[in-house]
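For reference, the structure I am asking about is given below.
Coordinate-derived values only; no laboratory data. Note that this is a predicted model, so its numbers are computed, not measured. Methodologically, a virtual Cβ is constructed for each residue, glycine included, from the backbone with ideal geometry; neighbour enumeration extends over all protein chains shown.
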Amino acid sequence: MSSLRTLKTFLAVARHGSFAAAGAEIGLSAAAVGLQMRALEENLKQQLFDRGGRSVVLNTAGRRAIAQIEELVTRYEELIVGNGSDSLSGTVVMGALVSTLMGAFADALWTLKRENPGLEVKLFAGQSSDFTNRVEQGLLDAAIVTRPPRPLPSSLVWTQLYVEPMVMIVPRRPHFALASDPLQALRESPFIRFDRETWTGLLVRDVLNRCRVEVRDGMELNSVEAILAIVRQGFGVSIVPRLANVRWAADRELRVIELPDTNVQRRVGLLERSRHARTRFTGAVKRFFAEASAG
């Protein structure tokens, strides 16, 4: 029978996609990880990986095994660490937009970890669209993402946690002539655009369409943080979500402008499988926001 450590190693390989990266996370060499995976395959009497050249890829059986192995590890951790208490424990693997860690989700995560000392949360940063397949395959327990622009598979559930209005930001000391009228400023100023292929990028396009404005694209970035930095330095204007934990009023380098007759919001929520082993944790996250909203 495979050890708990071997099962955790398998989940690390599934998350990272390579023996070397998984070994770096858990403190083993790639060769040692490979030996553990060979032993696991022998115990299960089935091949879990397609091996070719120097690459190793989970096959259909390996992907199917993720959810079951994840549940075994979760239940064992709860048995050992929980000790009969109602507190959350064990390791949760989540994906999150970097900008949500600057927003309201950071408060929820901090509160849950403070109230549950036995809880460990491993976070992987990325874009909303990147996380969908990883959550569906069980490589992530859940992810904090913006509302999907298209219907999700029936195996996935998205629950709204909070909203962030889309606003215009302009530098206080621009390196260009900045019109006082917001719509004119949008038309004439260098525009720092959020990656139009992302879900947040689609919201930016929606705002511009409602304003009936054609912009002069100066840069296209896939990070709200990078856009804030560029605007602060005076190189352009942008449209971004008004993140909850940023002290916008105290910012000496940029101003926030609410565009007239435009009400576009970025809806941030929790993406999870309809059935998975970490529902107590995801339920706690959803309760945190429900209580915050009610308060």
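Step by step: find N for the range 35-178, compute 2.2 N^0.38 Å, then divide the Cα radius of gyration by it. What's the final number?
That works out to 1.38 for the range 35-178.
Still on this structure: Ignoring the sites themselves, what is the longest stretch of the chain with no trypsin sites (Lys or Arg not before Pro) in a DSSP loop and at most 15 other beta-carbon atoms within 10 Å?
Working: sites that count: K45, R54, R172, R196, R212, R247, R252, R275.
Free of exposed loop sites, the longest segment is 55-171.
When the dipole is taken about the Cα centre of the range 196-295, and only Lys, Arg (+1) and Asp, Glu (-1) are charged at their Cβ, what size is it in debye, to the nearest 20?
The dipole magnitude comes to about 520 debye.
Additional query: Taking 25 °C and 0.890 mPa s as the conditions, I'd like the Stokes-Einstein D for the range 164-265 in µm²/s, using the Kirkwood hydrodynamic radius from alpha carbon pairs.
After rounding, the answer is 185 µm²/s.
Further, regarding this structure: Rounding to the nearest 10 and keeping the result within 0 to 90°, find how far the Cα-based axis of helix 104-115 lies from the longest principal axis of the chain.
40
Given the range 1-79, report the % of alpha carbon pairs whose separation exceeds 21 Å.
Numbers: 582 of 3081 pairs.
Result for the distance tail: 19 percent.
Starting from 0 in steps of 5 Å, tell me what percent of the Cα-Cα pairs of the chain lands in each bin.
Final binned percentages: 1, 5, 11, 14, 14, 13, 11, 10, 8, 6, 4, 2, 1, 0, 0.
Find out how many positive minus negative residues lie around H16, taking Lys and Arg as positive, Asp and Glu as negative, among other residues whose Cβ is under 12 Å from that of H16.
Neighbour charge sum, excluding H16 itself: +2.
A further question on this structure: Rg/Rh for the range 219-295 to two decimals, with Rh computed the Kirkwood way over all alpha-carbon pairs. Display every interim value, and only then the final one.
On the way: Rg = 17.1 Å, Rh = 15.8 Å.
Rg/Rh: 1.08.
I need to check one value: relative contact order of the range 164-265, counting alpha carbon pairs closer than 8 Å and at least 6 residues apart, in percent.
Normalised by residue count, the contact order of the range 164-265 is 48 percent.
Here's a follow-up. Normalised by the number of residues in the range 1-79, what is the relative contact order in percent for Cα pairs under 8 Å and 6+ residues apart?
Here the relative contact order equals 28 percent.
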